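What follows is a short report on a single structure.
The values are calculated or read from the model by the stated rules, or taken from the named source; none is laboratory data. Values in this document were obtained by computation on a predicted structure and should not be read as measured data. Here the Cβ is made from the backbone with ideal geometry for all residues, glycine too, and neighbour counts use every protein chain on show. The accessibility values were calculated without ligands, DNA or RNA, using every heavy atom of the protein model including side chains. Shrake-Rupley method; radii C 1.70, N 1.55, O 1.52, S 1.80 Å.
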Amino acid sequence: MRTHILALAVLVTAAGACKSPDAADVKSSDNLAASAPAAAAAVQPITTLALGELTTAAQFEAMSIPSGGIIKSGRSMKFLVDLRTPASPKVHFMNGNFAVNGTTPDYAKYHYYFAKKHLALPDTIDQFNASTYFTASKKFLAGTVQTYVWDDKPVFGVQLYPQDVIKGKAALDATKIVAAKLKIAGAKFAFVATGNQQTTEDVAPAFTTSGILRLSLEQILGSVNFIPMHLGEAWGYLRIFPQNQDGITATDIVVFDELPLDLTVVAGTVTKAFQDANSHVNLKSKERNTPNSVLRDASPTNALLAPWADKPVHMIVKADGLVFEPTTDAVIAQKLAAKLNKPWLAISWDKFDKTTSYDAMCATSPNASSCLAESRKYGSKAANLSFLAHKKVLGRASQVGTTSQKLGYDLVPKGFGIPLQFYVDLVDFPANKMLKDKLAALVTKEKAGTLSAAERVALLQEVQALFYKAKFPPGNLAKIKASMAAVLPGIKKVKVRSSANAEDIEGFDGAGLHDSYSAKPEKMDNAEESCVREEETEDEGEGAGVETKSKMKPQTLACGIKGVYASMWNKRAIEERSFARIDHATIAMGISVLPAYDFESPVVGNAVVVTRVINSSEIFGYTLSLQRGNNLVTNPTPGTWSETTIAAIGLGAEPTTLTVTRFAKPSKDGAPLTVPVMDKAKVLQLVNLIKEIEVAYCKAKPGYYAGECKFVAVDASKPKSLDFELKLLENGHWVIKQIREFSGK
């Protein structure tokens, strides 16, 4: 029974969810019924399960429900068209508010159950799916009418399941059939393609003649001014385009001009720049449950924002706009205190004094679950790479039967982990007593809550400077260099990445808190064994622009490691831990060392994949953010943005379809693309890889998912998901940078 229910949910919610990338404007006209006040005021409940036609906006309001799509605006109503007698199609508008004993039954929510109840359909769900979605000769049309705003006017969008094979004249005919039964005065209609295969260019003149618009989700998303990324409310001081982000605190609601590369804890965020669903700003907002939105015309003189500049405000991010209300200093302080009113959480870990390759961490274990347990020694980032490299997950190209062997290359870079204990050894080393004392004083003051933002920054700078001058216990550095020679012989450049015990853990992913550095193993440390952190500009290529990046000098392995250790005490990291009440006295930094990602071929693309559709509880699939070149998705060069694609995932033989909801802008001064960043086959390969990994992770990690793991990729209600970062090389190889759990939605 579960198979049938879940498969049905995939189809039905996606059909309604193909509204997915709709968007909100600050105007109330986003809601079609709201644009007709007289009708809306007269709305009366409709008690029947379905109607064959609607004649007023009030009827649509009564039978529709608020959008559950990616961006929460407008209203949606499902329909089922019976085509079993082709000459006389029968339209059934489903009442989404129909209730029995106060509960909406499945047959008012799902097309298949509706057909069985209302039409006495004898078909199985597989028969229904095959004759409704995956054939041009359809017995039924199953979709959603979704309200949008287009060219400042309300529009009824007719849209079908993303994997529906409908296109061309059939798409026009379907829209006409539905529109003919929506007899609302002045109503404008559009066919909204929700899958890239739903093309209509060949019948464009016929659409024009019919007065029906042809819209894509990307067009709709790009036409709006306000986009709610995470709904909620916040109390704080409104800071519009702050020049000094070091002064931002947890009681500030910040309006940013460009996306901040590093975002500390704030009460809420508004950005003028478009946010990628998988950007650090949005993922952090979801992790913290702080409101977040895009306001494209944000500025210090914006009529909505300007009156509240630097004042205590209560901000509400709603589906249809931003609301600001006055509040007081006392209320702001009380709201923050309530969030922090919980005990400090000590992070436990295992003492271990050996550097170990990813392949060796759990090589002798018959299952991959033991790899994840290695996080207690090396931190999650290194342990998760060992999980991916395990023969039961992706394995190595040299291991017969593994995914990497089938593709002919290693999907996971070789490398090794430096244990958490080495960080503590460095802090405890007698030569570094000043560092240890300064750290202890910082932790005491931070936990007491007595530091101002300026005082915290000053103390952190002192601590980080002492890390750069710190001495390694000689034995530990020798072990690190031995692993470098054994695991990565001949590699000229490596990435030294954070793998903290307070990072990628239950309820706290720690994305973007720490720094990574490049190192060249053949370089020698200076006589003092000291390092400096310098800012350098770097051309991102392909016109993306020039970005300022931090580098450790000299570019040795030891300096790279000390740079990562010091980043444990970045302002954003310590503030994030304090907000989550993670005890700073119990943290430690592991290290993940691996080759520079372009060591075998140049990088031609970046990808971030979250194994749920961000901002929707109804759409079954994955959120993909894709970008050309080496411009990061999570922290894009200002003036650029990545492509957002929704992968609608089917069960069994059902195809996975891709829907671009926004095309990429790879270069700062160039125009946005009009085609996808990557070849369709390559993206589908990526989705299939991620599905395979998520199923393996589900089997290896108790508590990740309560159902059968074969369904984990298509369950939008799962409490957790996975967050991947990858690179695509010129030779066609995928390189998986990291995998972490993500608890936001």
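The H on the amide N of residue 188, modeled in the peptide plane, is under 5 Å from the matching H of 156, each at least 5 residues off or on a different chain.
May I ask you to give the solvent-accessible area per residue for the stretch 118-227, in square angstrom, as obtained with a 1.4 angstrom probe? Write out the running numbers ahead of the final one.
Details: 4220 Å² over 110 residues.
Computed with neighbouring chains in place, this is 38 Å² per residue.
For the stretch 200-242, what does the alpha-carbon gyration tensor say about shape, rounded, prolate or oblate, given a ≥ b ≥ c as the root eigenvalues, a/c under 1.5 as rounded, and a/b over b/c as prolate? Intermediate values should be presented prior to the final figure.
Details: a/c = 4.87, a/b = 3.89, b/c = 1.25.
Verdict is prolate for the stretch 200-242.
Look at the Cα gyration tensor of the stretch 247-360: its axes a ≥ b ≥ c give a/c of at least 1.5 with a/b at or below b/c, and that counts as oblate.
When only Cα pairs below 8 angstrom with a gap of at least 6 residues are kept, the stretch 81-145 shows a relative contact order of 30 percent.
Assign one of three labels to the stretch 627-745, namely rounded, prolate or oblate, based on the Cα gyration tensor with a ≥ b ≥ c the square roots of its eigenvalues; rounded applies when a/c is under 1.5, prolate when it is not and a/b is larger than b/c, and oblate otherwise. Kindly include the intermediate steps, with their values, before the conclusion.
Details: a/c = 2.01, a/b = 1.75, b/c = 1.15.
Prolate shape, in that a/c is at least 1.5 and a/b is the bigger ratio.
Counting protein heavy atoms only, the stretch 168-305 has 52 percent of its accessible area on carbon and sulfur, 1.4 angstrom probe.
For the stretch 386-522, the share of accessible area belonging to carbon and sulfur comes to 56 percent (1.4 Å probe, ligands and nucleic acids excluded). Given the choices (1) 2, 12, 20, 24, 22, 12, 4, 1, 1, 0, 0, 0; (2) 3, 14, 23, 24, 19, 11, 5, 1, 0; (3) 3, 14, 24, 28, 20, 9, 2, 0, P(r) over Cα pairs in 10 Å bins from 0, in percent derived from the coordinates of this structure is entry (2).
Exceedance of the 25 Å cut-off in Cα-Cα distance is limited, within the set 139/176; 406/710; 188/745; 479/691; 391/727, to 188/745; 479/691. Checking every one of the chymotrypsin sites (Phe, Trp or Tyr not before Pro) in the stretch 422-499 against DSSP loop status and a limit of 16 other Cβ atoms within 10 Å picks out no site at all.
Dimensions of the stretch 137-222 based on its C-alpha atoms, expressed as ranges along the principal axes with the largest first, amount to 34, 29, 24 Å.
Taking every DSSP beta bridge that has both ends in the chain, the antiparallel portion is near 80%. A 1.4 Å probe run over the protein chains yields, for the stretch 299-387, 50 Å² of accessible area per residue, whole-number rounding.
Among 705, 378, the sequence by solvent-accessible area, most first, with a 1.4 Å probe is 705, 378.
The angle separating the long axis of helix 571-580 from the principal Cα axis of greatest extent in the chain is about 60 degrees. Measuring between alpha carbons in the structure, the pairs from 284/339; 339/701; 286/682 lying more than 21 angstrom apart are 339/701; 286/682.
Tell me, what is the percent relative contact order of the chain, built from C-alpha pairs under 8 Å that lie six or more residues apart?
Details: 1734 pairs, mean separation 94.3, N = 745.
In percent, rounded to a whole number, it is 13.
Rounded to the nearest 20, the Cβ-based charge dipole of the chain about its Cα centre (Lys and Arg +1, Asp and Glu -1) stands at 1420 debye. In the chain, a dipole from Cβ-located charges (positive for Lys and Arg, negative for Asp and Glu) runs towards its positive end, and of 611, 148, 328 it is 611 whose Cα lies farthest in that direction. Largest to smallest in accessible area, the residues 355, 175 fall in the order 355, 175 (1.4 Å probe, all protein chains included).
For the stretch 386-396, the Karplus equation 6.51 cos²θ - 1.76 cosθ + 1.60, evaluated at θ = phi - 60°, returns couplings of 5, 4, 4, 7, 4, 4, 7, 10, 10, x, 10 Hz by residue, with Gly and Pro reported as x. Using alpha-carbon pairs under 8 Å, 6+ residues apart, how would you state the relative contact order of the stretch 350-465 in percent? Relative contact order of the stretch 350-465: 22 percent.
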